[in-house]
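Have a look at the structure below, then the notes.
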Amino acid sequence: MNSKQFERVVVLYFSPTGNAKKVAVEAGTIISKALELPLEQMSFTLPRQREKDFIFGEADIVICTTPVYAGRLPNKILPFIQEKIKGNGSLAITINVFGNRNYDNAPIEFYNEMKKNGFDVVAVAAVPTEHVFLEEIGQGRPNSQDMFNIQDFAQRVGKKILSGNYSSDLEIPGAYPAPYYTPLGVDNQPVQFLKAKPQTHLELCDSCGACARRCPMEAISFEDTSQVPGICIKCQACVKVCHTKAKHFTDENFLSHVQMLANNYLRPAEGVFVV
């Protein structure tokens, strides 16, 4: 397909705390300008947004973005990606964001899943961001150098598409399929905190409901936001959005893992950009 036959660039994201959206929109803005195409944004962050299928065609260029969870795509969102995002010959650029620990096997998993969904994946990136568990881990990222890398990546993607060479034969680090990363505690032994859920300082909570509205799993009760009857994926969206700082985690295994991350991953991680 000649580049002039493309009709739009779409940024499609799962972004509970906004990191993935920020990176993808930056890349999408540059690519859309390079190709002189309109830019559209679509989110599948909230459950109601995941009720429909996202179906694309040969005239679409799709930038699809998620955070890295335990070294892979988020396991509770993976079935949606597999079942409801369809390419039908669209070009795709996949971007993962990761909290300064490691992107592990998420980029190659994303690449393969999108190819199975009918996309020609022409570029892949993984970008370090501030860790949602603790802001000191990757604090301030994406920083100016990260933004330069994202912009350079997007410019190279634009040139590749304009050239008419849509090769999706990319060399991507990692393994596919691969197990999820096993969280470790401060003693470097495995810890489990799958059942950990946010707690509420009742004296601080003003029942504004922002946490329930922002939760990507609708795990928090709208009637009583101190209750979390649903599945929590530890995305920290509720913690980040709470304007009174009422939401927090107390699970000992979770906190031990956070401390392990702080002990070992304050160094600046490197991203990956494959075009």
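The values are calculated or read from the model by the stated rules, or taken from the named source; none is laboratory data. All values reported here derive from a predicted model rather than from experimental measurement. Note: ideal-geometry Cβ built from the backbone for every residue, glycine included; neighbour counts use all protein chains shown. Note: accessible area is taken over every heavy atom of the protein model, side chains too, but ligands, DNA and RNA are not part of it. Shrake-Rupley method; radii C 1.70, N 1.55, O 1.52, S 1.80 Å.
State all residues of segment 198-217 that are of a type outside the set (A, V, I, L, M, F, W, C), assigned to a loop (DSSP other than H, G, I, E, B) and touching a helix residue (DSSP H, G or I) at 6+ places or on another chain (Cβ under 7 Å); if no residue qualifies, say none.
Across segment 198-217, the qualifying residues are Pro198, Pro216.
Taking only segment 8-40 into account, find how many residues are over 19 Å from Ile150 (Cβ atoms) and touching a Pro at 6+ places or on another chain (Cβ under 8 Å).
Final tally of qualifying residues: 2.
Going residue by residue through segment 142-165, is there one that turns out to be aromatic (Phe, Trp, Tyr) and in a loop (DSSP other than H, G, I, E, B)?
No, because not a single residue in segment 142-165 is aromatic (Phe, Trp, Tyr) and in a loop (DSSP other than H, G, I, E, B).
Specify which of the listed residues (Asp146, Asp206) is acidic (Asp, Glu) and within 30 Å of Phe6 (Cβ to Cβ).
Selected residue: Asp146, the only one of Asp146, Asp206 that is acidic (Asp, Glu) and within 30 Å of Phe6 (Cβ to Cβ).
Those residues that are hydrophobic (A, V, I, L, M, F, W, C) and under 17 Å from the mean Cα position of the chain (by Cα), I need them from segment 141-153; list them, please.
Met147, Ile150
Going by the structure shown, is Val122 over 18 Å from the mean Cα position of the chain (by Cα) and of a type in the set (A, V, I, L, M)?
Yes: the conditions hold for Val122.
Cβ-Cβ distance below 6 Å, separation of 6 or more or different chains: which pairs start in segment 167-192 with a residue that is within 25 Å of Ile95 (Cβ to Cβ) and at pLDDT 95 or above and end on one that is among the charged types (D, E, K, R) and assigned to a loop (DSSP other than H, G, I, E, B)?
Short answer, once both residue conditions are applied: Tyr181/Asp104.
Can you tell me which residues in segment 125-176 are crowded, with 16+ Cβ neighbours inside 10 Å, of a type outside the set (A, V, I, L, M, F, W, C) and within 30 Å of Ala262 (Cβ to Cβ)?
Residues satisfying the conditions are Pro128, Thr129, Glu130, His131, Gly138, Arg141, Pro142, Asp146, Asn149, Gly174.
Only residues that are touching a helix residue (DSSP H, G or I) at 6+ places or on another chain (Cβ under 8 Å), farther than 30 Å from Gln139 by Cα and part of a loop (DSSP other than H, G, I, E, B): list them for segment 59-114, please.
Scanning segment 59-114 gives Ala59, Gly87.
Residue by residue through segment 87-124, note down the ones that are β-branched (Val, Ile, Thr) and out of contact with any Phe, Trp or Tyr (no Cβ under 8 Å at 6 or more places or on another chain).
Ile93, Ile95, Val97
For segment 1-22, give me each residue that is part of a helix (DSSP H, G or I), farther than 19 Å from Val241 by Cβ and touching a residue at least 40 places away in the same chain (Cβ under 8 Å).
Hits for segment 1-22 are Ser3, Gln5.
Can you tell me which residue in segment 31-58 is most open to solvent (accessible area, probe 1.4 Å), limited to those that are assigned to a helix (DSSP H, G or I) and closer than 20 Å to Asp120 by Cα?
Ala34
Open to solvent by 20 Å² or more (accessible area, probe 1.4 Å) and assigned to a loop (DSSP other than H, G, I, E, B) - does that describe any residue in segment 253-263?
No - not one qualifying residue is present in segment 253-263.
Is it the case that segment 115-124 has a residue that's of a type outside the set (Lys, Arg), surrounded by fewer than 17 Cβ atoms within 10 Å (Cβ to Cβ) and in a helix (DSSP H, G or I)?
Scanning segment 115-124 turns up no residue that is of a type outside the set (Lys, Arg), surrounded by fewer than 17 Cβ atoms within 10 Å (Cβ to Cβ) and in a helix (DSSP H, G or I).
What single numbered condition from (1) more than 25 Å from Gly18 (Cβ to Cβ); (2) in contact with a helix residue (DSSP H, G or I) (Cβ under 8 Å, 6 or more places away or on another chain) fails to hold for Ala154?
(1)
Please specify each residue of segment 192-241 satisfying the condition of being touching a strand residue (DSSP E or B) at 6+ places or on another chain (Cβ under 7 Å), open to solvent by less than 20 Å² (accessible area, probe 1.4 Å) and within 20 Å of Ala262 (Cβ to Cβ).
The one that is touching a strand residue (DSSP E or B) at 6+ places or on another chain (Cβ under 7 Å), open to solvent by less than 20 Å² (accessible area, probe 1.4 Å) and within 20 Å of Ala262 (Cβ to Cβ): Pro198.
Could you please tell me which pairs satisfy a Cβ distance under 6 Å, a separation of 6+ or placement on different chains, a first residue in segment 91-120 that is at positive phi, and a second residue that is open to solvent by 20 Å² or more (accessible area, probe 1.4 Å)?
Asn100/His131; Asn100/Tyr265; Asp104/Tyr181; Gly118/Lys86; Gly118/Asn88
Among the candidates Ser15, Ser90, which residue alone is open to solvent by less than 40 Å² (accessible area, probe 1.4 Å), of a type in the set (S, T, N, Q) and closer than 26 Å to Ala219 by Cα?
Selected residue: Ser15, the only one of Ser15, Ser90 that is open to solvent by less than 40 Å² (accessible area, probe 1.4 Å), of a type in the set (S, T, N, Q) and closer than 26 Å to Ala219 by Cα.
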